[in-house]
Amino acid sequence: MNCLGEVRHEHPSPTYLKRLAGVLFMTVWIVVSILALILSPMVWLRPSRSQSGRMAVRMQARRMGLAMQLAPQQWPHWLSVEPPNPCAQYHRPRRKGRVDSWSYWQTEPGIWCNQWRETCVDPHLLPHLATLPPDVYKLEAGPQMLALYWGEKGDEKVLQDIAKVLQALA
């Protein structure tokens, strides 16, 4: 106030404004950093696209009546591609009265061999084996269960082909 009672407004100095801007900038930067630290674990928990795709295929398999599990395997050394271990096993029960047991590994796309590396020549199996994708590594049958080991690189159309094979051979 001056001697006449008037209020005088002073403009802040440029140094004060720079200091105020620096403090505001630092406050915003700290708040953004804290939010990033809080939210980053949520991003890590979110499944990747490939994981989401596999989950969708597995849920579709359940709706189609197939069971699925990750099963450890002792893969033959002579396979050209090293399958994953554990590998996704899709299986279904066999019909009553089936007593045959066999196992075939896909050594190359469309080439199926047994444990002695003899090529499959069974006229009943060959048409079904020909419809399977290259990332199906093994197909085995026992008296109670038919199992297929798959790399899960396909979509639901490939799953439908696999379900048809399992249904036909069960």
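Quick notes on this structure:
- Filter pass, E152 being open to solvent by less than 70 Å² (accessible area, probe 1.4 Å) and among the acidic types (D, E): yes
- Flag if A130 is surrounded by fewer than 16 Cβ atoms within 10 Å (Cβ to Cβ), small (G, A, S) and touching a Lys or Arg at 6+ places or on another chain (Cβ under 9 Å): no
- Among the residues making up the stretch 97-111, those that are open to solvent by 60 Å² or more (accessible area, probe 1.4 Å) and modelled with pLDDT of 90 or more are S101, E108, P109, I111.
- Scope the stretch 56-81; condition open to solvent by 90 Å² or more (accessible area, probe 1.4 Å) and either among the aliphatic types (A, V, I, L, M) or closer than 18 Å to W112 by Cβ (or both); matching residues: M59, L70, H77
The values are calculated or read from the model by the stated rules, or taken from the named source; none is laboratory data. Note that the coordinates shown come from a computational prediction; the quantities given were computed from them, not determined experimentally. Please note: Cβ atoms are built from the backbone with ideal geometry, for glycine as well, and neighbour counts cover all protein chains shown. We work out accessible area using only protein heavy atoms, side chains counted, and drop any ligands, DNA or RNA first. Shrake-Rupley method; radii C 1.70, N 1.55, O 1.52, S 1.80 Å.
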